[in-house]
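The values are calculated or read from the model by the stated rules, or taken from the named source; none is laboratory data. The model shown is predicted, which means the values in this text are computed figures rather than measured ones. Using ideal geometry, Cβ is built from the backbone for each residue, glycine included, and neighbour counts are taken over all protein chains shown. Heavy atoms of the whole protein, side chains included, go into the accessibility calculation; ligands, DNA and RNA do not. Shrake-Rupley method; radii C 1.70, N 1.55, O 1.52, S 1.80 Å.
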Amino acid sequence: LDELGLGISSLVVPVNRPLGDWDGLEARMDGLKQAMLLAFQLKAGVVAFRAGRIPADATSPAYETLCGVLNDLARHANRVGAMPSVGWAGEPADTVLALQDQVKEGPLGVNFDPAAVIPGGQSPAAVYSSLVNVVNHVTLRDAVRDIDDTMLEVPLGRGEVPWDEFLALTVEA
């Protein structure tokens, strides 16, 4: 890669269950921590992954578990030098920011996916504008809202993401 003047900017890691779910959590955490170490070794500063839905009740055990897991990953980021970048499932920006405020142990970014906000009827540009200070990775996908308010991924430019507006905001950021 160096010979071609290229580098790796991030690693994207699939996570098979929500991070707030105790079932198999230790294995998911080990996998994410190993990916963060590998990212540092590859000179990639970001490890992007999806964490599942943010529990609605901030006092629930699932919410507390999620906060603990994210703090653990942020603490690990301090040691290895690769920042976790969490993708959310279309939650409102204020919900994401409230959770981000609970992570005090180290760096934690947001992996923004404009297609993920389509099912909820939110504007990708408006949500991105609200989260711009915590976004450290962007996944470019396009989608249309299906009849049952789910997302159907489509080729870039063929869905509901207003790319002119969204890309202008990312360039400005």
query: Within the bounds of the range 31-43, is there any residue that is over 22 Å from Ile8 (Cβ atoms) and in contact with a Pro (Cβ under 8 Å, 6 or more places away or on another chain)?
result: no
Filtering the range 163-173 down to residues that are touching a helix residue (DSSP H, G or I) at 6+ places or on another chain (Cβ under 6 Å) and either open to solvent by 60 Å² or more (accessible area, probe 1.4 Å) or at pLDDT 95 or above (or both) yields Glu165
Flagged in the range 17-46 as open to solvent by less than 60 Å² (accessible area, probe 1.4 Å), touching a Gly at 6+ places or on another chain (Cβ under 9 Å) and among the hydrophobic types (A, V, I, L, M, F, W, C), in numbering order, are Leu19, Met36, Ala39, Ala44, Val46
Per the list (1) surrounded by fewer than 17 Cβ atoms within 10 Å (Cβ to Cβ); (2) over 21 Å from Arg79 (Cα atoms); (3) touching a helix residue (DSSP H, G or I) at 6+ places or on another chain (Cβ under 8 Å), residue check on Asp2 breaks on (3)
Scanning the range 145-158 residue by residue, the ones that are over 20 Å from the mean Cα position of the chain (by Cα) and within 14 Å of Gln122 (Cβ to Cβ) total 2
- Task: Tell me, yes or no, whether the range 6-15 has at least one residue that is at pLDDT below 95 and assigned to a helix (DSSP H, G or I).
- Result: no
Taking the range 70-93 and keeping only residues that are open to solvent by 10 Å² or more (accessible area, probe 1.4 Å) and in a helix (DSSP H, G or I), one is left with Asn71, Asp72, Arg75, His76, Asn78, Arg79, Val80, Ala93
